[in-house]
Structures are given as structure tokens and as C-alpha cells.
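Structure record follows, encoded as C-alpha cells.
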Amino acid sequence: MLVLVLTVLTTAVAMLLSSLYVRFRDVQIIWTVLVTMLFYATPILYPLQDPPVPDRFHDILFLNPLTPLFVEARHLIIDPGAPSAVSAAGGWLHLAPSIAIFVAICVVAVAVFNRAAPRIAEEL
């Protein structure tokens, strides 16, 4: 399930970036900076428990739609003793912003791609 959700998010971001890159060539430079920031804003190298991330930053970290995916992957694959995404966030209600951002990215990506697709070959 996690792989499916990550695949959907990756496809949506790829659709969005591919349609924007044709029109705006600076997207590559901006995306490089954004992906670096996203890497450090996602708990990939550090766990969310105790010392690494203070409690006051948990809500901010869970705005990132990748955070619940990586927290759940850590729970399922690496350390079954680690908290799941729901317990780390503090309940399903605290995951709602992350889910809403995920859905918004997917909807915007499809809309932008469908709008730009007929003109992509001409602009290349």
C-alpha cells in the first residue's frame, strides 16, 4: 500500500514538473533546491521520537505528505517498535493536513498536465 501511495505521489509530481518544465526552463533549478529542502524536512535520516525532533515541530513536519509515508515505512520495514504514522502524528485528525496536501498535489498535477498536454509538442 505504501508503495502504491508513493507511486501515485511521484507520478503526480512528475506530471506537474514535466508540464511546467516545457514552458518554464527555470523549473529544473527551483526543483533542485526544493527537493533538497524536502529531503531534510522528511524524517529519512532521523527518527521523530524524543531528542531528534522537538514536539513543537511535529505538526509542521506532518504537513509534508512524505512524512507519514516514511514514518510508516520505518514502522513496517525497519523497526516494528517504532510508532506508526497515526500514533506518531497523534491520531488520524493530525494526518488530515498531510492527506489534504497529497490530494491537492494530485488534483493540481492532473489539471495542469491535461491543460498543457496538447501544446507540449509545439513548445518543445
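The values are calculated or read from the model by the stated rules, or taken from the named source; none is laboratory data. Worth saying up front: this structure is predicted, and the values here are computed from it rather than measured. Ideal geometry is used to build each Cβ from the backbone, glycine not excepted, and the neighbour counts take in all protein chains shown. Calculation scope for accessible area: heavy atoms of the full protein, side chains included, ligands and nucleic acids excluded. Shrake-Rupley method; radii C 1.70, N 1.55, O 1.52, S 1.80 Å.
At a glance:
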item: Boolean, residue 38 is in contact (Cβ under 8 Å) with a residue 24 or more places away in the chain, among the hydrophobic types (A, V, I, L, M, F, W, C) and under 17 Å from residue 99 (Cα atoms); result: yes
item: Yes/no for residue 77 being over 15 Å from residue 9 (Cα atoms), free of Cβ contacts under 8 Å to residues at least 40 places away in the same chain and either open to solvent by 60 Å² or more (accessible area, probe 1.4 Å) or part of a loop (DSSP other than H, G, I, E, B) (or both); result: yes
item: Residue ID - nearest to residue 38 (Cα to Cα), chosen from residues in region 54-69 that are open to solvent by 70 Å² or more (accessible area, probe 1.4 Å) and in a helix (DSSP H, G or I); result: 60
item: Search result, residues across region 1-29 that are within 16 Å of the chain's Cα centre (by Cα) and either β-branched (Val, Ile, Thr) or over 25 Å from residue 90 (Cα atoms) (or both); result: 3, 5, 7, 8, 10, 11, 12, 13, 14, 15, 16, 17
item: Residue 47 vs. criteria over 29 Å from residue 111 (Cβ atoms) and surrounded by fewer than 11 Cβ atoms within 10 Å (Cβ to Cβ); result: no
item: Subset tally (residues that are part of a helix (DSSP H, G or I), at pLDDT below 95 and exposed (fewer than 12 other Cβ atoms within 10 Å of the Cβ)) for region 81-113; result: 3
item: Positions within region 82-114 being in contact (Cβ under 8 Å) with a residue 60 or more places away in the chain and among the β-branched types (Val, Ile, Thr), in sequence order; result: 105, 108, 110, 112
item: Total residues in region 11-32, condition closer than 22 Å to residue 104 by Cβ, open to solvent by 80 Å² or more (accessible area, probe 1.4 Å) and without any contact (Cβ under 8 Å) to a residue 24 or more places away in the chain; result: 4
